[in-house]
Amino acid sequence: MTEQALFLVVEDNEDHVLLIRRAFIKSKVLNPIQVVRTGEDAIAYLEGSGRFSNRAEFPLPAIVLLDLKLTGMDGFEVLSWIRQRPELRALRVIVLTSSSEIRDVNRAYQLGANSFLVKPVDFEDFLRVTQALQGYWL
């Protein structure tokens, strides 16, 4: 994967978005990031519909960082939608959520998540997660 591989971050908590951005910068992950705040926007982005129809401005991502606990359509529904689309079969979906419940882990993998990571509360731990993303997925 090239340095220009885009991350689509599906996250409705602004503090978590800022933490992800800071961790990427501190870990020297230079890949571009697009952020959507709802499951519905994630689907619109991936379809290239509505305000996301300009693929030059909103290219398909190489990796989706997906929160499960979203308002409205949740991350499980987004993941299920992604895996039902043959054109998105190769899309890497990494669940990045605050839930560590085993039923959530199992369900995410059953629906086709490539990885499941629990959001750390400490910034240094978050840096380690970011470095793991870089080392393994990039």
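Here are some notes:
- On the beta carbon distance between GLN4 and MET73, with R0 = 41 Å, the FRET formula returns roughly 0.90.
- Geometric descriptor of segment 27-74, per residue, is 86 Å³ (volume of the convex hull of the Cα atoms).
- With every protein chain in place, segment 47-111: carbon and sulfur % of accessible area (1.4 Å): 49
- By the equivalent-ellipsoid construction on the alpha carbon gyration tensor, segment 70-138 comes out with semi-axes of 22, 16, 10 Å, ordered largest to smallest.
- Model label points for GLU124 and SER100, set 7 angstrom from Cα along the Cα-to-Cβ axis, are 1.7 nm apart.
- Its Cα gyration tensor gives the chain an equivalent ellipsoid. The semi-axes, each the square root of 5 times an eigenvalue, are 21, 18, 14 Å from largest down.
- Note that the chain presents 52 Å² accessible area per residue, ligands and nucleic acids not counted, probe 1.4 Å.
- Per-residue extension of 0.36 nm, minus the Cα-Cα distance of ARG89 and GLU40, leaves a gain of 15.7 nm for this segment.
The values are calculated or read from the model by the stated rules, or taken from the named source; none is laboratory data. Bear in mind the structure is a predicted one, so any value in this text is a computation, not a measurement. Here the Cβ is made from the backbone with ideal geometry for all residues, glycine too, and neighbour counts use every protein chain on show. When the accessible area is computed, the model is the full protein with side chains, heavy atoms only, and any ligands, DNA or RNA have been set aside. Shrake-Rupley method; radii C 1.70, N 1.55, O 1.52, S 1.80 Å.
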